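Structure first, then comments.
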Amino acid sequence: MPSIKLLKKDINNDIGDVIEEIYLWELSNPNGDLAKSEKLVEEAIEAFDKLIVMINGVKGDNKKAQFKEIQQERKKVMNSLLKKSAAL
C-alpha cells in the first residue's frame, strides 16, 4: 500500500463517482423512483464512512493484511453499488 492518504483519496473518488452517476440519473429521469436513488446515495455515504473507519482502525503488526482486507471490502462495496446504480 503506497499510502493511507492515497487509499482514502481513491475511496473518496470511487464513492463520489457513484453518487455523481446517481444524481445524473435523477436529472435525466425526473419521473423515475427518486426514493430508490436517494436510498442508494445514503448507502454509498454509509459505505464510505465504514471504509474510512476501517482504515483509521488499522493497528498492530499485520497492517499489510488489514489493508488487503480493506481493499477486498472496497471492491465488494463498489461492485454492489455499481450493480444497484445500473439497476435504477
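Bear in mind these aren't lab numbers, they're just calculated from the coordinates by the rules spelled out. Treat the numbers as computed from the prediction; the structure is a model and nothing was measured. A quick note on method: Cβ atoms are made from the backbone with ideal geometry, for glycine too, and the neighbour counts reach across all protein chains shown.
See the values below:
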item	result
Linear extension gain, residue 26 paired with residue 56, 0.36 nm per residue minus alpha-carbon span	7.5 nm
Least to most buried among 58, 53 (fewest other Cβ within 10 Å first)	53, 58
Global form of the chain, assessed from the alpha-carbon gyration tensor, a/c cut-off 1.5	prolate
C-alpha long axis of helix 63-87 to longest principal axis of the chain, angle in °	10 degrees
Sorted by Cβ neighbour density within 10 Å, fewest at the top, the residues 3, 80	3, 80
Computed FRET value (nearest 0.05) for residue 3 with residue 42, which takes r as the C-beta separation and R₀ as 30 Å	0.55
Exceeding the 28 Å Cα-Cα cut-off - candidates 63/84; 50/83; 36/59; 39/76; 5/50; 9/64	63/84; 36/59
